[in-house]
Amino acid sequence: MSGADMLATDRGAELRRAFDRSFAEAPRSDVTSLEDLLEITVGVTPYALRITEVAGLFVDRKITPLPTTVPELLGITGFRGSILPVYDLAGMLAYPVATATKPRWLAIAAALPVGLAFEGFDRHQRIPRDAIVPQVRRDSQVRHVCEVFRSGERMRPIISVASILEAITSRVRPGASVRKR
Amino acid sequence: MARHWTFGQKVGASFALLVALAIVMGLVAFLALRTVVSSKDRVIDIDAQLLIGAQHLHALRESKGSSAREFLLTRDEQALGTMQQARADVVMVLAQLKRNVSDEDGQRLVEAIIEAETANQRAIDDVVALRRTNVSLDEVVRAFENRIDPTRDRLDAAIRTFVSREEQRLQGAKQASTETASLATMVVAVLVAIVLLCAIATGVVLTKTLGRQIGTAVGQVQSSSAELQAAATQQATGAKEQATAMSEIATTISELLATSRQITESARRVAQIAEETAAAARSGDDTVDHAHESIAAIRRQVDLVVSHMLELGKKSQQIGTVLEIVSELAEQTNILAINATIEAAGAGETGKRFGVVADEIRKLADRVAGSTKEIRGLIEDIRSAVNTTVMATETGSKAVDTGSKQFAYVTASFKRIVGLVTTTTEAAREIELSIKQQMSAIEQVNVAIANIAQASKETEASTGQTQQTASQLAFLSKDLLRVIRPEAAA
């Protein structure tokens with residue numbers, strides 16, 4: 001048996017033990033002190049979304065374009081029996097809207113039936129709440145970003161879906177506010 | 001051109017000239033002598049005969065007169081007969097004179113004599129007739145004196161006239177003959193003088209010309225003998241140098257002979273080595289054939305490896321396809337787990353347990369995705385390795401092809417080498433044979449060189465003799481020149 005085979009066998013055993021241990025251990029009590037985040041890529045920039053602001057994550061969903069004057073509106077898509085608009089998250093973050101390639105990933109906002117499309121999904125991340133710090137910079141591209149956290153070697157901003165939805169709502173229906181779910 | 005005449009031609013021409021002059025002189029002398037003889041003959045035969053005839057005629061007249069006088073005195077008939085006989089002789093002499101006299105004056109004188117004699121004879125006949133008669137003697141004497149004497153005087157006068165003329169003519173002819181003889185003598189003398197002068201001139205010219213020519217020739221002989229002497233000296237020196245050179249050549253040829261023997265030995269060894277090389281080349285040829293077969297087998301194995309590698313690549317691609325499905329499934333599972341987590345988070349407290357399961361599913365999906373990514377990397381490595389291996393194998397296949405072709409070239413080269421080595425062996429043998437023949441030739445040349453050296457020595461000796469002969473020739477030519485031109489020799 002070669003070294004690679006030994007390594008694969010050890011890894012398989014480790015995975016099995018970790019899987020079994022997760023069901024053997026008692027549920028953690030400090031779950032509330034943790035924050036679930038979806039690390040995504042908007043354009044080429046890494047961002048994160050709070051799971052609590054997202055109703056669902058999908059990939060390669062069919063988006064039907066609509067004739068519109070709103071450049072960020074990519075079209076509409078079906079979700080659990082209802083039709084909802086899909087906005088380009090990069091456009092909402094004031095990045096130039098890419099016309100050649102369409103974003104693959106789609107996150108459904110929890111507060112409103114609105115889809116937010118983006119280019120990449122990196123991973124699901126669970127971090128302590130105290131690891132999240134407020135965003136210091138305030139400019140146009142980070143106007144929907146209030147917090148950041150350290151992911152690996154760099155800081156990753158957390159997009160405020162509520163702020164995005166508010167911007168969409170204010171653009172569609174001036175004066176309306178985002179309904180909290 | 002007289003200048004180009006030879007010695008013999010000049011001498012011959014001189015003798016021919018002298019002989020021609022002698023012939024001319026002889027002819028002239030002959031003609032002169034003949035003229036003189038003819039003149040004398042004419043004097044003797046004609047003039048002298050005429051004079052003698054005239055004298056005889058006078059004597060016959062005397063005889064006839066005496067006989068007539070005797071008859072008249074004695075009346076002797078015998079005397080009359082004598083007289084008649086004398087008369088017949090007179091007539092005959094007169095006829096002869098008349099025949100011999102050629103000129104008119106002479107004929108006239110002869111006619112006068114005949115006429116006087118006829119008158120005299122008539123007078124005599126008359127007196128004789130008178131005497132036969134009986135007349136007295138005195139009368140007869142008177143008749144004789146009156147008739148015969150005058151006729152006799154006339155006859156004598158005519159005869160004397162004729163004699164005188166003939167004497168004058170004889171004298172004249174004699175004088176003319178003497179003058180002719182003198183002229184002939186003078187002509188002959190002149191010719192003799194001319195011949196002598198020509199002979200002297202020819203002798204002088206011949207002497208001078210031949211002397212000059214012989215002197216020149218002798219001078220040339222002298223010069224040539226000097227040159228011959230110098231040439232003989234040079235030849236002697238050359239012969240000596242040639243003998244020395246021949247000796248050196250003989251030494252060199254001996255060394256060449258030794259070298260040729262060494263070359264023969266080397267050629268023999270070359271032939272031996274070439275034979276061994278040919279055997280090795282044939283063995284190498286077999287080895288190359290075996291190697292060619294091995295390369296063909298390697299090529300087949302390489303083709304098999306390429307085929308297997310391509311199959312492995314296809315399988316890897318299929319694994320990649322399956323892995324894509326697995327990856328997609330993992331991603332879907334992950335999304336599903338995330339959505340479950342979202343739903344669990346939305347469910348509040350009741351969804352926590354479900355959230356744990358969803359989280360584990362997500363972790364599992366993450367690990368599957370990580371493993372899938374890792375497998376994808378490994379598959380990519382495998383595909384890359386397969387591609388590299390296929391490329392390397394194809395390169396190896398091409399190299400094997402190239403090697404196979406090269407081996408074909410090598411095989412051909414080995415065959416050529418075998419052929420060339422065989423040719424080399426034959427050439428080495430031929431060289432060995434040629435060197436042996438060359439050695440034989442060199443030995444013959446050595447013998448010939450020895451002979452030439454001996455001949456050079458003999459040439460040297462004979463050159464000494466030539467030198468001596470040239471010296472003698474030089475002395476001889478000097479003596480000859482001294483004999484011919486003393487002033488030049490001095």
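Put simply, the amide H of A:Ala111, placed in the peptide plane, has no neighbours under 5 Å, leaving out anything fewer than 5 places away on its chain.
Can you send over the carbon and sulfur percentage of the accessible area for the protein assembly as shown, probe radius 1.4 Å, protein chains only? Whole-percent figure for carbon plus sulfur exposure: 60. Take every Cα pair under 8 Å whose residues are at least 6 apart in sequence, average their separation, divide by the length of the stretch B:116-187, and the relative contact order is 37 percent. Taking amide H as placed 1.01 Å from N in the peptide plane, A:Ser160 has its amide H under 5 Å from the amide H of A:Val145, A:Cys146, each at least 5 places away in sequence or on another chain. For the protein assembly as shown, the per residue solvent-accessible surface stands at 59 Å², with DNA, RNA and ligands left out and a 1.4 Å probe.
Sequentially through the stretch A:163-168, phi angles give Karplus couplings (6.51, -1.76, 1.60; θ = phi - 60°) of 5, 4, 4, 5, 5, 5 Hz, Gly and Pro residues having no value and appearing as x.
Annotation: extensible slack from B:Glu70 through B:Asp41 equals 6.4 nm (criterion: 0.36 nm per residue apart, minus Cα-Cα distance).
Note on A:Ile76/B:Ser294: beta-carbon distance plugged into 1/(1 + (r/R0)^6) with R0 of 60 Å gives a FRET efficiency of 0.25. Evaluating 6.51 cos²θ - 1.76 cosθ + 1.60 at θ = phi - 60° for every residue in the stretch B:451-465, the Karplus couplings come out as 4, 5, 4, 5, 5, 5, 5, 5, 4, 4, 5, 5, 5, x, 5 Hz, glycine and proline recorded as x.
Label-to-label distance for B:Met92 and B:Glu255 is 12.9 nm, based on points extended 7 Å past Cα in the beta-carbon direction.
Interface residues of the stretch B:336-351, defined as those with an accessible-area decrease of at least 20 Å² between the chain by itself and the complete set of protein chains (probe 1.4 Å), are B:Ile338, B:Asn339, B:Thr341, B:Ile342, B:Glu343, B:Ala345. Ordered by solvent-accessible area of protein heavy atoms (1.4 Å probe), largest first, the residues B:Ser225, B:Ser63 come out as B:Ser63, B:Ser225.
In this structure, B:Phe354 and B:Asp381 have a Cβ-Cβ separation that, at R0 = 41 Å, corresponds to a calculated FRET efficiency of about 0.55.
The residues packed around B:Ser456, meaning those with a beta-carbon under 15 Å from its beta-carbon, carry a net charge of -2 if Lys and Arg are +1 and Asp and Glu are -1. Relative contact order, whole percent, for chain B stands at 23, derived from Cα pairs under 8 Å and 6 or more residues apart. Once all protein chains are placed together, B:Glu349 keeps about 130 Å² accessible to a 1.4 angstrom probe. Summed over both chains, the accessible area lost when B and A associate is about 1900 Å², using a 1.4 Å probe. Multiplying the residue separation of B:Asp366 and B:Ser102 by 0.36 nm and removing their Cα-Cα distance gives an extension gain of 75.2 nm. Annotation: amide H-H contacts under 5 Å for A:Ile40 (H modelled 1.01 Å from N, sequence separation of 5 or more, or interchain): A:Tyr47, A:Ala48, A:Leu49, A:Asp122.
Couplings 3J(HN,Hα) of the stretch B:215-230, computed from phi: x, 4, 4, 5, x, 5, 4, 5, 4, 5, 5, 5, 4, 4, 5, 4 Hz, in residue order, whole Hz [Karplus 6.51 cos²θ - 1.76 cosθ + 1.60, θ = phi - 60°; x for Gly and Pro]. Only Cα pairs under 8 Å and 6+ residues apart enter the sum, and on that basis the relative contact order of the stretch B:1-140 stands at 20 percent. Computed about the Cα centre, the dipole magnitude for the stretch B:10-92 is approximately 400 debye when only Lys and Arg (+1) and Asp and Glu (-1) carry charge, each at its Cβ. Cβ-Cβ distance of A:Ala24 and A:Arg150, R₀ of 35 Å, FRET efficiency by 1/(1 + (r/R0)^6): the value works out to about 0.65. The smallest convex shape that holds all Cα atoms of chain B, its convex hull, gives 541 Å³ per residue.
The values are calculated or read from the model by the stated rules, or taken from the named source; none is laboratory data. Model, not experiment: these values are computed from the prediction. Here Cβ is always computed from backbone atoms with ideal geometry, including for glycine, and neighbour counts include all displayed protein chains. Just the protein is used for accessible areas: all its heavy atoms, side chains included, with ligands, DNA and RNA removed. Shrake-Rupley method; radii C 1.70, N 1.55, O 1.52, S 1.80 Å.
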